[in-house]
Amino acid sequence: MPKVDVDRYLERLGVAAPDTPSVAALRALHAAHVARVPYETLEMHLGRATTVDPEESAARILRGRGGYCFHLNGAFATLLDALGYAVTWHRGGVQGSQTAQPPGANANHLALTVVCEGETWLVDVGLGDALYEPLPLRAGEYRQGPFTYRLSRSAVEPDGWRFDHDPRGSFAGMDFTMAPAKPEDFAAQHRELSTSPSSGFVRVASAIRRDAAGTDELRGCVLVRTDGDGRSERELTTEAAWFGALAEVFGLTLTDVGEQERSALWERVQSAHRAWLAARAG
C-alpha cells in the first residue's frame, strides 16, 4: 500500500488512533469518514483531472476535499492498512435506480473488505448515500438509521456478493467479486466516468454526506435531506447560497479554488440546472 500521513488523516476524521485494529474502531473510522469526507464530483466540473492512485486521493482528502468511490475507498484503504487492518480491494459494479445497466462487477466501483476479529466486513465509504458503518459479510437485512440494506450472494458473480440499497437510495445496488483487485483494474472506468459526456458525474455536479440520522445530497442546484422524518429539498438560486451549502453542509470550503474558478464553476452548475428545469417542464 502507498504511504499516508496517518496523524493528519485521523485529524481530518476527528478520530483518535486505535491502540489495535478492532471492529469498534473500524466502525468509528467508517462513520467519521462518511460524515466528514464528502462524496463529491467537483473536480471534473473544475476541469481538473484525477487518477485512481490512492496516494493522490489521500493527499486531496488531507487538503480538505473528497472524491468518489475510487478516491474515497482507495484513500481509506491506505489509512486502514497503515493502522494494521487486513484490507482488500475488489471490483464492484453499481447499478442506478433508473437505468437498464445489468448487474455485475464491471469495475465502475471499488469495494473494500476487511478481516477483523475473525470476520469479514464490507467496508465502503464510497457509496455516497449508503453505508454509515461496515456490514458483516453475511446474508441478511441490516438497518442503519432510517435505511434498510440487504446483503446476499451475487446472482451474476460466482464468487461474489450483492448489496441492495434502501428503496429511497440514489442507486439500486452493487455487485462485487471477492477476487483481489489493483488500482489499474479501475483506470478505464475512471476515465469513462470522469470524462464521458454521457456520464452522470460529468453532467451534474454533486456532493453527498452520510450521518447517523440520514443523508444530505446536493445535485446541481437542489439540496436534499433524507432522514427518519422523510425527504425535504431546497433549490439554491444564488452563488452565495450554493457555495454556502457546500461549506456548511458538506465541509467543502474550496480553499483550493480561486475566484475565477468559483465563478466559472457556478456558471456551469447554474447552466446545467436551467437546462434540467427546462427539460422537466417540457
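The values are calculated or read from the model by the stated rules, or taken from the named source; none is laboratory data. Since the structure is predicted, the reported quantities are computational estimates derived from the model, not experimental observations. Positions of Cβ are backbone-derived with ideal geometry, glycine not excepted, and every protein chain shown enters the neighbour counts.
Name the single residue that is surrounded by the most Cβ atoms within 10 Å (Cβ to Cβ) among those in region 122-163 being in a loop (DSSP other than H, G, I, E, B) and small (Gly, Ala, Ser).
126
Return yes or no: is residue 94 in a strand (DSSP E or B) and either within 24 Å of residue 11 (Cα to Cα) or not basic (Lys, Arg) (or both)?
On the way: in a strand (DSSP E or B): yes; either within 24 Å of residue 11 (Cα to Cα) or not basic (Lys, Arg) (or both): yes.
Yes; evaluated as a whole, the condition is true for this residue.
Answer yes or no as to whether residue 246 is assigned to a helix (DSSP H, G or I), surrounded by 17 or more Cβ atoms within 10 Å (Cβ to Cβ) and either at negative phi or modelled with pLDDT of 95 or more (or both). Talk me through it step by step, then tell me what you get.
On the way: assigned to a helix (DSSP H, G or I): yes; surrounded by 17 or more Cβ atoms within 10 Å (Cβ to Cβ): yes; either at negative phi or modelled with pLDDT of 95 or more (or both): yes.
Yes; evaluated as a whole, the condition is true for this residue.
Here are the criteria: (1) closer than 20 Å to residue 46 by Cα; (2) surrounded by 12 or more Cβ atoms within 10 Å (Cβ to Cβ). Tell me which single one residue 226 does not satisfy.
Exception for residue 226: condition (1).
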